[in-house]
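Just so it is clear, none of the values below were taken in a lab; they were calculated from the coordinates. These numbers were taken from a predicted model, which means no experiment stands behind them. With ideal geometry, Cβ positions are generated from the backbone for all residues, glycine too; neighbour counts draw on all protein chains shown.
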Amino acid sequence: MGFNLSRHGANRMTQARLVRLLVAAILFASVVAQSLPANAVDAPEPPEIAAENAIVLSDFNEVLYDRNAHQRTAMASTTKIMTAIVAARYGNLEQEILIDESDIVGEATMGLWAGETVKLRDLLYGLLLPSGNDAAHAIARTVGWKADTTDAEQAVGNFVALMNQTAREYQLRDTHFANPHGLDEFGHYSTPFDLAIMLRAALNYDVIRETMQTLSVNAGGHELWNGNRLYGMRDDIIGGKTGYTETANFCLAAAATRNGRFVIAVVTRDSGESWFWDVSQLLDWGLIAADRKGVPNGVDASLIGTHFNQQVPTIRQGSP
């Protein structure tokens, strides 16, 4: 089918081509979503889940499962998928960053302290493994700083503007960002469908994919562990991101691969007792559904395949 399933990819596409291919696939997903009723696949009955909103998306962007997949809601730290994309796209991963007092945002943290120096690459670990709000703020403040920027708040605002600009490029019509970390704030929302597209886009950046797959690491002197329990439940996870706030409840986006195909499952407003189990069940169901449906008629595999397929590495970085 012309897919490239190597971990690092044979060739690095330009950012412009990434966006063009992603937009093409989103348009295809919209057509498929309109032409198929929810859950209309030749597969076993979908699993019972506790999440209010959910989606399963195939590697060809077919909507295999839809439970209020376009319902706008707070998305908590799944926000950090886009934070990582903008950091990888616009930042210098080798840049040494002096941590500022303003970066010490409460709740989830990678343990930064004001005055230390950390590379942007290490902040990505802090962003995606323990879901550090401090790492998110430091990334945004640094990458968003322009020649005419006067303070940290303005720099973070510039970064959030890039997040929203990228969302528009990806045609995420039901997503808007108000901050880089995902803490509850008016005007900060997304949907399972948009989060699935975001995760797909993120997985095309080697550095993001590798970071998401890291189980533990010492990053800039900080011992970090991956909070995504799916890695302990399954061996086919490509990447994903967790999230929780009181408003958003439990949110989780994840991708898994099997036999050369992969699917993405997203839940929002789920139960703390079942969110990982719900996503794991949806991934299993989605992989069966994708396999039984096969490749959609009329799909140009050379256009979509290489950009939207990844492979689980044989050895993950780090260890529990």
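Here the 3J(HN,Hα) profile of the range 240-251, calculated from phi with Karplus coefficients 6.51, -1.76 and 1.60 at θ = phi - 60°, is x, 8, 9, x, 7, 9, 4, 6, 6, 6, 9, 10 Hz, Gly and Pro shown as x.
What the Cα atoms of the range 15-304 give is an Rg and a Dmax of 18.3, 57 Å. Close amide H contacts of Ile238 (hydrogens built in the peptide plane, cut-off under 5 Å, sequence separation of 5 or more or a different chain): Ala255, Ala256, Thr257. Here the 3J(HN,Hα) profile of the range 272-284, calculated from phi with Karplus coefficients 6.51, -1.76 and 1.60 at θ = phi - 60°, is x, 8, 9, 4, 5, 5, 4, 5, 4, 5, 5, 5, 4 Hz, Gly and Pro shown as x.
With a ≥ b ≥ c taken as the square roots of the eigenvalues of the C-alpha gyration tensor of the range 60-104, please select rounded if a/c is under 1.5 and otherwise prolate if a/b is larger than b/c or oblate if it is not? Oblate is the answer for the range 60-104, as a/c is 1.5 or above yet b/c matches or exceeds a/b. For the range 209-261, the list of GluC sites (Glu not before Pro) that fall in a loop by DSSP and count at most 16 other C-beta atoms within 10 angstrom reads Glu246. Within the straight-line cut-off of under 24 Å between alpha carbons, the lysines reachable from Lys119 are Lys80, Lys146, Lys241, sequence neighbours fewer than 8 places apart in one chain being disregarded.
Sites listed here are chymotrypsin sites (Phe, Trp or Tyr not before Pro) in the range 60-116 whose DSSP assignment is loop and whose Cβ has at most 14 other Cβ atoms within 10 Å: Trp113. A dipole drawn for the range 86-128 from +1 and -1 charges on Cβ atoms has a positive end, and of Leu120, Gly106, Tyr90 the residue lying farthest that way is Tyr90.
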